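This report refers to the structure that appears directly beneath it.
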Amino acid sequence: MEPCPCGGSQTYSECCEPLIQGRQPAKTAEALMRSRYTAFVKTQIDYIYNTIAPDKRRDFNRAETEAWSKNSIWQGLEILQIKDGGVADETGTVEFVARFLEKNKPMEHHEAAEFKKIDGTWFFVDGHAPKPAQFIRQAPKTGRNDPCPCGSGKKFKKCCGA
């Protein structure tokens with residue numbers, strides 16, 4: 001009764017194993033994302049390759065992927081956002097963070113993964129760094145000639161803004 005590495009509530013044999021072993025297809029982009037993460041944990045490189053869209057496989061480096069899979073201690077998958085990718089959709093995006101240790105150093109792989117359904121089967125198409133969240137200032141901006149917020153009594157430009 002091994003828990004599934006993807007972080008779902010089911011056991012591995014109920015969750016990702018049937019997808020990785022080819023007994024059932026992923027029904028959603030999220031399910032494919034979770035099973036691909038689990039394939040990295042289990043070093044199932046053939047599954048990782050076979051779930052890449054056929055026209056994108058030319059860039060796949062099997063040796064590099066296998067080394068990363070084997071030499072990492074996988075610590076968890078967090079799904080941050082899902083856009084489309086449901087049973088009735090043809091495309092979808094899953095933003096995730098995969099946490100792992102590499103040479104005992106904590107690492108994170110944060111990606112927005114793009115998926116596409118081809119002839120009824122979900123495939124990974126591409127991944128990219130998500131757009132950073134826009135910073136929204138909470139307090140009004142201190143002008144150069146305004147009193148310095150530190151309380152010195154000087155103008156900002158002559159104090160903390162120098």
Before anything else, pin down the relative contact order of the stretch 59-162: Cα pairs under 8 Å, at least 6 apart, normalised by residue count, whole percent.
-> 15 percent
Considering only protein heavy atoms, with the full assembly of protein chains and a 1.4 angstrom probe, order Y12, Y49 by accessible area, largest first.
-> Y49, Y12
Dipole of the chain [Lys/Arg +1, Asp/Glu -1 at C-beta], most positive-end residue of Q10, G86, A67 | A67
K158 to N50: extension gain in nm, 0.36 nm per residue of separation minus the Cα-Cα distance?
-> 32.6 nm
In straight Cα distance, which lysines are under 30 Å from K141, not counting same-chain residues fewer than 8 positions off?
-> K131, K154, K155, K157, K158
Per the helix-only model, the chain has a calculated mean residue ellipticity at 222 nm (DSSP H runs of ≥4, -39500 (n - 2.57) each, divided over all residues, rounded to the nearest 500) of -5500 deg cm²/dmol
For the chain, dividing by residue count, accessible area per residue (probe 1.4 Å) in Å² works out to 65 Å²
Using alpha carbons only, how many degrees (0 to 90, rounded to 10) separate the axis of helix 62-71 from the longest principal axis of the chain?
-> 70 degrees
Accessible area, probe 1.4 Å, largest first, for residues S9, S69, S152 | S9, S152, S69
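Do any of K83/K103; K42/K103; K56/K117; K70/K116; K83/K117 go past 22 Å between their Cα atoms, and which?
On the way: K83/K103 34 Å; K42/K103 18 Å; K56/K117 14 Å; K70/K116 28 Å; K83/K117 14 Å.
Distance filter (> 22 Å) returns K83/K103; K70/K116.
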Hey, any idea what % of the chain's accessible area is carbon plus sulfur with a 1.4 Å probe?
-> 49 percent
Relative contact order for the stretch 51-116, counting Cα pairs under 8 Å that sit 6 or more residues apart, in percent = 27 percent
Order M107, M1, most accessible first, counting only protein heavy atoms with a 1.4 angstrom probe.
-> M1, M107
Please state the charge dipole magnitude for the stretch 1-156, taken about the Cα centre, from unit charges on C-beta atoms (+1 on K and R, -1 on D and E), reported in debye and rounded to the nearest 20.
-> 860 debye
Order by protection proxy (mean Cβ within 10 Å, highest first), peptides 34-40, 60-66 = 34-40, 60-66
GNM, the chain, Cα, under 10 Å: largest mean-square fluctuation among G22, G127, G92?
-> G22
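The values are calculated or read from the model by the stated rules, or taken from the named source; none is laboratory data. Note that the coordinates shown come from a computational prediction; the quantities given were computed from them, not determined experimentally. Note that each Cβ is placed from the backbone with ideal geometry, even for glycine, and that neighbours are counted across all protein chains shown. Please note that ligands, DNA and RNA were not included when accessible areas were found on the heavy atoms of the full protein model with its side chains. Shrake-Rupley method; radii C 1.70, N 1.55, O 1.52, S 1.80 Å.
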